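Here the structure is laid out as structure tokens; the discussion comes afterwards.
The values are calculated or read from the model by the stated rules, or taken from the named source; none is laboratory data. Remember, predicted model here, so these are calculated numbers, not experimental data. So basically every Cβ, Gly included, is an ideal-geometry build from the backbone, and we count neighbours across all protein chains shown. For accessibility, only protein heavy atoms count, side chains too; no ligands or nucleic acids. Shrake-Rupley method; radii C 1.70, N 1.55, O 1.52, S 1.80 Å.
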Amino acid sequence: MSSTASGTDSAGAKREWDRMNAEAEATQALIGGDWLSADTAARSCGANGAQWVIARFGPSTDTDARDAALDRMETRWRAKGWDPVRSDITGDAPGKQLRYPAGNTLADGFFIEFGITEHASTLQLQTPCTTGDADALNREKYGERHTNTPPDIPGTAAPSAESTS
């Protein structure tokens, strides 16, 4: 069932959320371990569009596991037609990063970036800007209700997708 408000159909934005959240969760499964969500609320983009930033925080790895994880991830992304670029993360938490596109975003706003260090793993992606009403999607809490990754809220014990409303 699509949500309409102000004459804007949000079915396309919901499909993009579902598709990109599934990609995030598949990426998390490649690494394993426990992950937390810091996804944004839907936000307006374009003339009548909506998009989300999906941000996940996961486990750390040692150097050997890090390279193997990036190899699996790169294979998966290339199979999707994405051409990711691998680079080093420097500073206090050295590690590796995989990003598509290499810099900025695609014309529709999409990007995906995975970083992995000895301290943590991070996944961030921005869904493509797709027709939808961000206010209606947020009132509905669409993103919060359609993920299996629990939110990064102290005291939260169960994934938000299992919440009743």
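Could you list all residues from the stretch 108-134 that are of a type in the set (D, E, K, R) and surrounded by fewer than 15 Cβ atoms within 10 Å (Cβ to Cβ)?
GLU118
Failed condition for ARG66, given (1) touching a Lys or Arg at 6+ places or on another chain (Cβ under 9 Å); (2) touching a residue at least 60 places away in the same chain (Cβ under 8 Å), with all others met?
Going through (1) touching a Lys or Arg at 6+ places or on another chain (Cβ under 9 Å); (2) touching a residue at least 60 places away in the same chain (Cβ under 8 Å) one by one, ARG66 breaks only (2).
So which of ARG86, ARG15 is within 20 Å of GLU144 (Cβ to Cβ) and open to solvent by 50 Å² or more (accessible area, probe 1.4 Å)?
It is ARG15.
Please go through the stretch 54-67 and pick out each residue that is assigned to a helix (DSSP H, G or I) and either of a type outside the set (Gly, Ala, Ser) or modelled with pLDDT of 90 or more (or both).
THR63, ASP64, ARG66, ASP67
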